[in-house]
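Remarks on the structure that follows.
The values are calculated or read from the model by the stated rules, or taken from the named source; none is laboratory data. Predicted model, so just to flag it, every value in this text is computed and none were measured. No Cβ is skipped: glycine too gets one built from the backbone with ideal geometry, and neighbour counts run over all protein chains shown.
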Amino acid sequence: MTRTTASVTSRETAEGINRIEGYLLARAELLKAREEGEAFARRMPWLTTAQHEEVARLYAEERVEVSKRALRAVADRCVELRAEYTARYTRLRRRLLCASVASLVTAAALCAGVRIIAG
């Protein structure tokens with residue numbers, strides 16, 4: 001197996017594991033939302049069975065939507081931070097390169113000046 005093939009296989013494996021993990025997390029969130037919906041509906045003992053089921057379902061749906069919005073907000077913020085830190089890193093690299101070149105030019109000028117004076 002070549003290095004490129006191993007890298008692709010490793011990336012595909014990681015992506016597959018991430019998808020499975022995402023699926024399991026989503027299922028756990030849905031189960032938790034349903035449990036909370038049932039608990040919420042149980043606090044209203046006067047509801048009929050159909051009303052109880054409807055309240056529990058609506059609660060669970062709203063809970064899942066809130067989770068999706070929160071997750072989307074976090075993901076969006078991650079994208080913003082990545083762009084911000086990439087820009088900062090680029091500026092830092094540019095400044096470091098400029099400082100290094102300036103130092104080398106200064107050192108070369110000093111060496112040339114010393115040679116002229118000693119010369």
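Among the residues of segment 58-76, those identified as of a type outside the set (Val, Ile, Thr) and either farther than 18 Å from LEU30 by Cα or assigned to a loop (DSSP other than H, G, I, E, B) (or both) are ALA73, ALA75, ASP76.
The set of residues from segment 24-57 being part of a helix (DSSP H, G or I) and aliphatic (A, V, I, L, M) comprises LEU24, LEU25, ALA26, ALA28, LEU30, LEU31, ALA33, ALA39, ALA41, ALA50, VAL55, ALA56. Residues to consider are ALA33, ALA14, ALA50; find the one that is modelled with pLDDT of 95 or more, more than 19 Å from LYS68 (Cβ to Cβ) and among the small types (Gly, Ala, Ser). Just one listed residue meets the conditions, ALA50. Can you confirm whether VAL55 is surrounded by 13 or more Cβ atoms within 10 Å (Cβ to Cβ) and within 22 Å of LEU31 (Cα to Cα)? Considered against the rule, which asks whether it is surrounded by 13 or more Cβ atoms within 10 Å (Cβ to Cβ) and within 22 Å of LEU31 (Cα to Cα), VAL55 comes out as yes.
Among the residues of segment 77-94, some residue qualifies, meaning at least one is aromatic (Phe, Trp, Tyr) and more than 23 Å from GLU29 (Cα to Cα).
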